[in-house]
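The values are calculated or read from the model by the stated rules, or taken from the named source; none is laboratory data. Note that this is a predicted model, so its numbers are computed, not measured. So basically every Cβ, Gly included, is an ideal-geometry build from the backbone, and we count neighbours across all protein chains shown.
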Amino acid sequence: MTIRATVLNPGRCRAPALVLDEPLSFWGGFDPVNGTIVDHHHPQRGACLAGKVLVMPGSRGSAGTPAAIAEAIRRGVGPVAIVLGGRDVNIAIGAMVAERLYGDAVPVLAVDAEDYSRLATGDEIAIAADGTVTVTAGTDPR
C-alpha cells in the first residue's frame, strides 16, 4: 500500500511501525534516556520507540515536547520517523531541532484519518523524502 503524506519535517527511513492507541506526552510520559513510554496510564506503557516509525494521533501536553524528542534522537533512542494523524507543531519542531543540532534527520509526516487507520504495529514502513509512505503488512511484535 502507498500513502501520500504531508511532510512536516523531511527525511527518509525504513523501519517497523509502532502504532499508539492514544496521544503521548513526551514531557513526563516518555523517558528520553532509554526511549520508553513511562506514562502509567498509557496503553503502550513500557514500549520502546527506538528504531521504530512511531505512528500516533498526536502529542499531548506541553511545549517541552520538542526538547524531549530532540534529546531522544540525540541519544539514539528515539523513533526514526513519526507519522501523525494530523499536524503537530511540537513534534515537528523537536525533529527539526535534532536535525539542526545533531544532524539526525527524522521525518515527521501527517496523514489523513483513512490512511492513519490502515497502519498497524509491525508493518514495515518506508518513507521517501517527498512524503510517499510505502507500507508492507507485517506481524505485530508487541
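Overview of values
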| read-out | value |
| --- | --- |
| Residue list for region 69-99, restricted to those being in a helix (DSSP H, G or I) and surrounded by fewer than 24 Cβ atoms within 10 Å (Cβ to Cβ) | GLU71, ARG74, ARG75, VAL89, ASN90, ALA92, ILE93, MET96, VAL97, ALA98, GLU99 |
| Sole residue being within 14 Å of the chain's Cα centre (by Cα) and closer than 14 Å to VAL108 by Cα, chosen from PRO16, PRO32, PRO23, PRO57 | PRO57 |
| Residue match in region 27-37 (condition: outside any strand (DSSP E or B), in contact with a strand residue (DSSP E or B) (Cβ under 6 Å, 6 or more places away or on another chain) and at negative phi) | no |
| VAL55 being part of a strand (DSSP E or B), under 18 Å from ASN9 (Cα atoms) and either at pLDDT 95 or above or small (Gly, Ala, Ser) (or both) | yes |
| Enumeration of residues in region 119-129 that are assigned to a loop (DSSP other than H, G, I, E, B) and either within 17 Å of ASP88 (Cβ to Cβ) or modelled with pLDDT under 95 (or both) | LEU119, ALA129 |
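Residues checked against (1) in contact with a Lys or Arg (Cβ under 9 Å, 6 or more places away or on another chain); (2) within 21 Å of VAL135 (Cβ to Cβ); (3) among the β-branched types (Val, Ile, Thr); (4) free of Cβ contacts under 8 Å to residues at least 40 places away in the same chain:
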position	(1), (2), (3), (4)
ARG14	no, yes, no, no
PHE26	yes, no, no, no
LYS52	no, yes, no, yes
SER59	no, no, no, yes
THR65	no, no, yes, no
